[in-house]
1. Inspect all residues belonging to the range 48-57 and state whether any of them is crowded, with 18+ Cβ neighbours inside 10 Å and either over 24 Å from the mean Cα position of the chain (by Cα) or modelled with pLDDT of 95 or more (or both).
2. Kindly indicate which of PHE328, PHE323 is within 29 Å of the chain's Cα centre (by Cα), assigned to a loop (DSSP other than H, G, I, E, B), at pLDDT below 95 and surrounded by 12 or more Cβ atoms within 10 Å (Cβ to Cβ).
3. Which pairs have Cβ atoms under 8 Å, sit 6 or more apart or on different chains, and link a residue in the range 290-308 that is over 30 Å from ILE20 (Cα atoms) to one that is among the aromatic types (Phe, Trp, Tyr)?
4. Working only within the range 30-58, note down all residues that are under 19 Å from ALA320 (Cβ atoms) and in contact (Cβ under 8 Å) with a residue 40 or more places away in the chain.
5. Every residue in the range 417-431 that is buried (at least 17 other Cβ atoms within 10 Å of the Cβ) and closer than 24 Å to VAL156 by Cα, please.
6. Restricting to the range 119-155, what's the tally of residues that are within 13 Å of GLY329 (Cα to Cα), in a loop (DSSP other than H, G, I, E, B) and open to solvent by less than 40 Å² (accessible area, probe 1.4 Å)?
7. For the range 361-374, give me each residue that is open to solvent by 70 Å² or more (accessible area, probe 1.4 Å) and within 30 Å of ARG256 (Cα to Cα).
Amino acid sequence: MSKPLRLAIAGLGTVGVGVIKIIQQHADMIESRAGRPVTITAINARTRDKDRGVDVNGYQWMDGAAEFANMDDVDVVVELVGGSDGLALDLAKKALGNGKHFVTANKALMAHHGFELAALAEKNGVSLSYEAAVAGGIPIIKAMREGFAGNDIQAVYGILNGTCNYILSEMRETGRDFDDVLKEAQELGYAEADPSFDIDGVDAGHKLCLLTALAFGTKPEFTSLEMTGIRHINATDISFASELGYRIKLLGIARRHGGSIMQVLEPCLVPKNSTLGTVEGVYNAVHIEGDHVMTGHLVGRGAGEGPTASAVMADIIDIARGFNVPAFGVPASKLTDAKWVDVGETVNCYYIRLNVLDEPGVLAEVSAILRDNNVSIEAFLQRGRDPGQPVPLVMTTHETKHKDMTAACAAMEKIKSVLEKPCLIPIENIE
């Protein structure tokens, strides 16, 4: 019998338990597909005496996960503790430095330290694998690194956070506002008690940085990401978007612009019958544009025990097969510093919502500001007539430079009859 691939698992939360379940339930199938047995040598978590719904008595318990890096009977360290620094980073460096393969579901770790860790893995001839870090059960890392390897990628974009997609879907289907749906998402376990990483776009932003690096051969660079979450989206926006034939989705977008790259994470209006417009609930979706494949579209569950553990196991089985490719598709020494596009010069159509007092002359003032900032209105919507009372005023524009659109919004905010900051959302007219 071939020598087993021996694992040490740091972190026994939802995903760690899921990995153990798969190995215990499918040991024979995994051995058949991997060409050798996959076994667990050691485990570690913050709490030892806890019923996790799975038998862990046969595994060696280590009080500190850092010990995994020095164990002779461990081939692969599986990191599922999370966090961009601290224990996760220390474990990654020690494991890779000691010639251990390293598998992680930690998108923050990879977004902030992926280049350094990729170089360390290559120096020591081991794998750095992170399929589970992006889009859960969708094999997007493997697809981009291998399936689309023969293509010059022009763009990669998609829905990268299931919590936000669930909130926006529920707001549209029920007519409820953001805070109400967020509370329900927390009760259902789709959102954390502190949901900031999800709803402010940080989680999706980490994932987008990794996709950008894979698509364009650049070093992951989270600090250069233009990022906007969904806190400012309300039920009125959802309703108007639907009336205009769109749905609002939080999109991560990486796209070539000449010799530069745009990397932005923000809510967008997409056609309701488009591939991304039809992705609902907690599902994720990623769209890839290449020069030969043209377009590829992958959809699946973005989180949860089963999908994420499945992605971890895909990496483990690749290692068991002896399959080792550079973490970002090219050797770390070939990764370049990206030249980022000036977002102000990018061009989009836009959705604008103003909350205004229904008074004479308001529309004329708004129109003058748009004209003076080179913004052309495509459509105009207003509901209700109640002189002297607040009403929503909604417009969509023709293609406009981002810097002109933001300047116009800043000027409109100063109009006395405009009661709050304008809501500005780009329109992505994708298929």
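1. Yes, the range 48-57 has at least one match.
2. PHE323
3. GLY290/PHE148; VAL293/PHE148; GLY296/PHE148
4. ILE30, ARG33, ALA34, GLY35, ARG36, VAL38
5. Keep residues of the range 417-431 that are buried (at least 17 other Cβ atoms within 10 Å of the Cβ), which gives 417-418, 422-428, 430.
Residues satisfying the conditions are LEU424, ILE425, PRO426, ILE427, GLU428, ILE430.
6. Of the residues in the range 119-155, 4 are within 13 Å of GLY329 (Cα to Cα), in a loop (DSSP other than H, G, I, E, B) and open to solvent by less than 40 Å² (accessible area, probe 1.4 Å).
7. ARG371, ASP372, ASN374
For every residue, the table says whether it meets (1) touching a helix residue (DSSP H, G or I) at 6+ places or on another chain (Cβ under 7 Å); (2) touching a residue at least 12 places away in the same chain (Cβ under 8 Å); (3) open to solvent by 60 Å² or more (accessible area, probe 1.4 Å).
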site	(1), (2), (3)
TYR350	yes, yes, no
ASN355	no, yes, no
GLU359	no, yes, yes
SER376	no, yes, no
PHE380	no, yes, yes
VAL394	yes, yes, no
HIS402	yes, yes, no
MET412	yes, yes, no
ILE415	yes, yes, no
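The values are calculated or read from the model by the stated rules, or taken from the named source; none is laboratory data. Treat the numbers as computed from the prediction; the structure is a model and nothing was measured. Neighbour counts run over all protein chains shown; Cβ positions are idealised from the backbone, glycine included. What goes into the accessible areas is simple: the full protein's heavy atoms, side chains included, and nothing from ligands, DNA or RNA. Shrake-Rupley method; radii C 1.70, N 1.55, O 1.52, S 1.80 Å.
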